[in-house]
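**Student:** Supplied in structure tokens, the structure appears directly below.
The values are calculated or read from the model by the stated rules, or taken from the named source; none is laboratory data. No experiment lies behind these values; they were computed from the predicted model shown. Cβ: placed from backbone, ideal geometry, glycine included. Neighbour counts: every protein chain shown.
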Amino acid sequence: METTASQIPILTLDDLETPPLSLGQLAWRRFKRHKPAIIGLVVLVLLVMYALGGTLFISEKYANFNDTSLRLQGPSAVHPFGTDSIGRDILARTIYGGQISLMIGLTAVIVETLLGILVGAIAGYYGGVVDSVLMRITEAMLNIPEIFLLIVMAKYFGGKIPEVDLLGRTFSGSVIVIVLIIGLTSWMYLARIVRAQFLSLKENEFVLAARATGTSNFEIIFRHILPNSIAPIVVSATLGVANAILSEAYISFLGLGVQPPTATWGNMLDGANNYLDTAPWLWFFPGILILLTVLSINFLGDGLRDALDPRSRTV
Amino acid sequence: MARYIIKRLIQGIPLLFIISVVLFALMMSVGDPVATMGGRRVTRADDYERLKRQLGLDKPIYVQYIYWLAGNTWTKTDLNGDGVAETPGTRLGILRGDFGTSLVDRRPVMQVIAERIPNTLILMLSGELIVILGALIVGVYSALRQYSALDHVLTAFSFIGYSMPIFFIALISMFVFSYLFKKWGLPYLPTVGMFDPQAGKTFVQVVYHMILPVISMSVVSLASYSRYIRSTMLDVLNQDYIRTARSKGLPRREVIFVHALKNASLPIATIVGLDLPFLLGGAVVTERIFAWPGMGRLFLDHVNRADTPVVMGSLMLVAVAVIVFQILTDVVYAWLDPRIRYD
């Protein structure tokens, strides 16, 4: 039988008017179109600059310095955000508290993401008994509301980790406790996402090829499959930062989180409801900073989802 | 279907076992319940030993766990400390329906929890009802008028609501509706408690005290539910049978509320069904701020005093409810959608 040549002309790179866009360029283009995400990114950068840049003007000593004769003073030229119940400057404390809150958000997400990837990848890749054991544990963790787990764990680890010195500053051991417990109580959703990704990706030919050439399981998991499921992980980790900051705020608000004198936006609010009407500046400034941070991260995450993972768009 | 339900119930057993072991192990070292028993007085060393022995806290963790789980009626314990086990155990264990006795106030855990559950359910269920109704209105409207100005505004608000820390909205609403309204001479809302002690626990009082906590609690869920309803509604509205219904000339109202919403409500029912059992646990933060005597406050107060029986009792109750509601949701889903078969 005679084969006829295809009528469709074969395009070479030169024939195309513009070179094809790389995946990264395509993602960036989609991201730029998402206006709330851009706004979120800008606000987030400003907030980080506020927390980090403030260090240049105000020392941590000043943030922890208390003068009880100046307690509960309203906003003024000397103390733009007022003073708290033992006379500390709230502006200075929102700066140093912001550093800790943002740092807790980021590091807790690192713990969460590592755990989630590990559990999800192993469960999805190996399947069978390993999968059902890991998934039972995941389900068990999901059966108890997160805030209850956080409280029990905060009580369990509380006071067990000593203070640490890092970069010439002293951090209360409770900071590490909070990072650990937030990471330990929030990895389950990510583990499920990663597992689902692995379940479908491991059936692909490239995995079969890798296995045929004698690649180790470790390499198949981390060098071949994981890079292909990076988009949902990035999105989930971004949104995870917002959740971690909220979790820290809740647990510190209940007085079980980071212990003073180390400030966080959350523990600045501990006991603030006793000063609801007499000193609203006490809870207003840390509260609005938490809201702004979480909001801009959520916008950013939404934009990232659109840009990196357009198929999974749910909202 | 019966086989499916039984299978799922059996699968729940190892789950509950893992949860109870881990929580019990954690609870064993969250603090010393005996240390706070004497109030402000420091407990004497021999009293301390005696109390630990009588409460069974001197036993190894696994023995305490077994007693909690299955009771200790088959053994004798040494209560007077002479080295001879003479008193037969009376605990039945949670498997036989005995949740144990609170270490804080020496009352049966069942009784302590039973007092709080109605308070929590009043608060949480009215919140959930408002959330579902509000989210249906907002979600369906946004889906019908996608990308309209109001849809954009609602989207922005739902993002803000979703990002709102509960304590912040609680503090703001208390400040506005209680403090500022009082200052402006308007009728203002109470901020703490469940009823005014002078007026007594009447229906009106409870509703009056419930408004602010319900508002604060609802904001976050309202935001996420309405987004979810909007997206499921949009999914359904873009399907072929909706176009068919429209092209047949059916009234718009009928297409939206009968054809579209009926099918869109399936995933919504799932989400609601899976969220319901968590309401039993109460809202820790909200109940703390508004001094509402519910399960969340109970949990927080008793975890702080290392009261293992109460904490374990309330958490296991939630865990069992979650498993039961997961099965119920599956069953209802199969009933609503005949295409689903589990066998």
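**Student:** For segment A:140-157, give me each residue that is without any contact (Cβ under 8 Å) to a residue 24 or more places away in the chain and over 12 Å from A:Leu184 (Cβ atoms).
**Tutor:** A:Ala140, A:Asn143, A:Ile144, A:Pro145, A:Phe148 - these are the residues of segment A:140-157 that are without any contact (Cβ under 8 Å) to a residue 24 or more places away in the chain and over 12 Å from A:Leu184 (Cβ atoms).
**Student:** Residues that are modelled with pLDDT under 80, at least 1 per element: which helices (runs of 4 or more DSSP H) completely within segment A:1-73 meet that?
**Tutor:** A:23-33, A:60-64
**Student:** Considering A:Leu246, A:Leu291, A:Leu295, A:Leu276, which residue is modelled with pLDDT under 90 and within 10 Å of another protein chain (Cβ to nearest Cβ)?
**Tutor:** Answer to the check: A:Leu276.
**Student:** If I go through segment A:248-294 residue by residue, how many of them are within 17 Å of A:Ile104 (Cα to Cα) and assigned to a helix (DSSP H, G or I)?
**Tutor:** Here the count works out to 17.
**Student:** Something else now. Being within 13 Å of A:Tyr62 (Cβ to Cβ) and in contact with a strand residue (DSSP E or B) (Cβ under 8 Å, 6 or more places away or on another chain) is the filter here; which residues of segment A:79-92 pass it? Walk me through it before giving the result.
**Tutor:** Our first condition is that a residue be within 13 Å of A:Tyr62 (Cβ to Cβ); within segment A:79-92, this holds for A:79, A:83, A:87-92.
The answer is A:His79, A:Thr83, A:Asp89, A:Ile90.
**Student:** I've got another one for you. From the list B:Tyr162, B:Tyr147, B:Tyr141, exactly one residue is in the same structural domain as B:Leu234 (by TED's automatic domain parsing) and part of a loop (DSSP other than H, G, I, E, B). Which is it?
**Tutor:** Only one candidate passes the filter, namely B:Tyr147.
So that you can scan it fast, the table gives a plain yes or no per residue for (1) within 11 Å of chain B (Cβ to nearest Cβ); (2) under 14 Å from A:Ile100 (Cβ atoms); (3) hydroxyl-bearing (Ser, Thr, Tyr):
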position: A:Gly214; (1), (2), (3): no, no, no
position: A:Arg223; (1), (2), (3): no, no, no
position: A:Ile230; (1), (2), (3): no, no, no
position: A:Leu256; (1), (2), (3): yes, no, no
position: A:Leu269; (1), (2), (3): yes, yes, no
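**Student:** Starting from segment B:75-101, take each residue that is closer than 15 Å to B:Gln54 by Cβ and assigned by TED's automatic domain parsing to the domain that holds B:Asp58 and list its partners that are hydrophobic (A, V, I, L, M, F, W, C) and part of a loop (DSSP other than H, G, I, E, B), counting only C-beta distances under 7 angstrom and pairs at least six apart or across chains.
**Tutor:** Final answer for the pair search is B:Lys76/B:Ala85; B:Thr77/B:Ala85; B:Asp78/B:Val84; B:Asp78/B:Ala85; B:Thr87/B:Leu79.
**Student:** So, in segment A:203-234, exactly how many residues are among the aliphatic types (A, V, I, L, M) and in a loop (DSSP other than H, G, I, E, B)?
**Tutor:** Qualifying residue count for the region: 0.
**Student:** Within segment A:89-105, is there a residue that is farther than 19 Å from A:Ala249 by Cα and either of a type in the set (Asp, Glu) or at pLDDT 70 or above (or both)? So that I can check it myself, show each step before the final result.
**Tutor:** Filtering segment A:89-105 down to residues farther than 19 Å from A:Ala249 by Cα leaves A:89.
If we keep only those that are either of a type in the set (Asp, Glu) or at pLDDT 70 or above (or both) too, we end up with A:89.
Looking through segment A:89-105, at least one residue is farther than 19 Å from A:Ala249 by Cα and either of a type in the set (Asp, Glu) or at pLDDT 70 or above (or both).
**Student:** Among helices (runs of 4 or more DSSP H) lying entirely in segment B:1-114, which contain 2 or more residues that are out of contact with any strand residue (DSSP E or B) (no Cβ under 6 Å at 6 or more places or on another chain), closer than 18 Å to B:Ala306 by Cβ and more than 14 Å from chain A (Cβ to nearest Cβ)? Break it down stepwise before answering.
**Tutor:** Working: elements: B:2-27, B:45-54, B:61-70.
In segment B:1-114, B:45-54, B:61-70 are the helices (runs of 4 or more DSSP H) which contain 2 or more residues that are out of contact with any strand residue (DSSP E or B) (no Cβ under 6 Å at 6 or more places or on another chain), closer than 18 Å to B:Ala306 by Cβ and more than 14 Å from chain A (Cβ to nearest Cβ).
**Student:** Determine, yes or no, whether A:Phe284 is without any contact (Cβ under 8 Å) to a residue 40 or more places away in the chain, closer than 30 Å to A:Lys160 by Cβ and among the aromatic types (Phe, Trp, Tyr).
**Tutor:** no
**Student:** Can you report the number of residues in segment B:240-276 which are among the polar types (S, T, N, Q) and surrounded by 13 or more Cβ atoms within 10 Å (Cβ to Cβ)?
**Tutor:** 3
**Student:** If you don't mind, another one. Here is a check on your reading of the model: is B:Ala306 under 21 Å from B:Ile215 (Cα atoms), assigned to a loop (DSSP other than H, G, I, E, B) and within 12 Å of chain A (Cβ to nearest Cβ)?
**Tutor:** Against the criterion (under 21 Å from B:Ile215 (Cα atoms), assigned to a loop (DSSP other than H, G, I, E, B) and within 12 Å of chain A (Cβ to nearest Cβ)), B:Ala306 does not qualify.
**Student:** Residues B:Gly249, B:Gly296, B:Gly281: which one is assigned to a loop (DSSP other than H, G, I, E, B), within 11 Å of chain A (Cβ to nearest Cβ) and not basic (Lys, Arg)?
**Tutor:** B:Gly281
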